[in-house]
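The next block holds one structure in the form of structure tokens; read it before the comments.
The values are calculated or read from the model by the stated rules, or taken from the named source; none is laboratory data. Bear in mind the structure is a predicted one, so any value in this text is a computation, not a measurement. Every residue, glycine as well, gets a Cβ built from its backbone with ideal geometry; the counts of neighbours run over all protein chains shown.
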Amino acid sequence: MRQRAPWILALFGIVISLSGCGPETSSGGGEQMSYKDVKSMVIDILGSSEAQEALQKASTAKYGASGLHMQSLTPQDQEEVRTAVKDVLTSPEYDKILQGIMTDTKFAGEFAKAVSKDNKQLQKDLLKDPAYQKELTNILKGKEMQTVMFEAMKSTEYRTQMMSAVQEAVQNPIFKLELMKILQDVVKQELNPQTKDQAKKGGDSGGEGGGDSGGGGEGGEGGEGGG
């Protein structure tokens, strides 16, 4: 009703204007229509199918196909709607009903489109949460999850999808920047002589230790033979 008020007032003003220009009475005076006559005329106009159709078109053009827009509601009405929706979604009585609704292909598709943006943002926020990262890591380390992942990796569909994802990631400027940083670090490590020398010394010391232990063993055997 709140949505139709401006249109009703506009129609009422038009009717009053027309009534002021109405035909003169038989006595030749300029008597205007009474309030009762004007009210009756407005009711007749609003009750007509043409008026209902015009109001519906105007409401649809302003608020969308549903005819109900959250911005047209008062803050109190909006809070009541949120509370009602929350009660329905969290009530055990509506579990089966909601499951039936979500299995509807058309509804599921429209619902996914509606929450896609918010869902992506939610996933990004969760990935930044240390507690969520830990739980996700524990899940991925599980044997059952690893078995499922290995089986999925063997399929052609998974490989095709993975290649597509990699190609999209490579085109991402942020991913390119991170990849370049990693490659630069690898090149620095390979070209840094200190790192190479330390690795070589570690290998040489390990070999010498093994040789000394081997020599000691041979000496011990020789002593036993002489005895």
Filtered residues of region 132-165 (kept if under 21 Å from the mean Cα position of the chain (by Cα) and among the aliphatic types (A, V, I, L, M)) = LEU136, ALA165
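Checking the condition aromatic (Phe, Trp, Tyr), at pLDDT 80 or above and exposed (fewer than 10 other Cβ atoms within 10 Å of the Cβ), which residue from PHE150, PHE175 passes?
Working: PHE175 fails: exposed (fewer than 10 other Cβ atoms within 10 Å of the Cβ).
On inspection, the qualifying residue turns out to be PHE150.
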With the condition kept exactly as written, say whether any residue in region 190-205 is of a type in the set (A, V, I, L, M, F, W, C) and at pLDDT below 65.
-> yes
